[in-house]
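J.: Right, I'll just put the structure down here and ask away after.
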Amino acid sequence: MKKILFVLLFIISFYASYSQEFKTGLIMPNNEFKLCCIYIPGSGLKIYDKPNGDIQGKIYLGEADKNNEFYTAFIEKKQV
């Protein structure tokens with residue numbers, strides 16, 4: 001019985017040590033870049049995992065204010 005528990009514990013620790021966390025992000029200019037405006041079409045912008053890769057999500061606009069100006073954008077992550 002101890003041998004089975006030892007093997008089971010070894011297998012669990014092996015998988016835990018080799019697991020990876022899924023990370024995503026956007027490539028943005030460095031801090032010296034002064035951001036003013038970003039054009040996002042009404043259909044949104046698709047986010048890819050790498051150049052010519054799979055779609056990972058989409059950036060889309062929030063609600064417009066009374067002047068029909070947008071101040072927020074949202075990132076919708078595709079379920080992986």
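J.: How much net charge surrounds residue 73 when only the other residues with a Cβ under 13 Å from the Cβ of residue 73 are counted, with Lys and Arg +1 and Asp and Glu -1?
T.: -2
J.: Okay, moving on. Would you mind calculating the gained length between residue 65 and residue 78 on full extension (0.36 nm times residue separation, minus the Cα-Cα distance), in nm to one decimal? Please list the in-between numbers first.
T.: Numbers: separation 13, 0.36 × 13 = 4.68 nm, distance 2.76 nm.
Extra length from residue 65 to residue 78 when fully extended: 1.9 nm.
J.: At 0.36 nm per residue, and after removing the present C-alpha to C-alpha distance, how many nm does the segment from residue 54 to residue 1 gain when stretched out fully?
T.: 14.4 nm
Computed from the coordinates by the stated procedures, all read-outs in this text should not be read as laboratory data. Here the structure is a predicted model, which is why all the values come from computation and not from measurement. In this analysis, Cβ positions are derived from the backbone assuming ideal geometry, glycine residues included, and neighbour counts consider all displayed protein chains.
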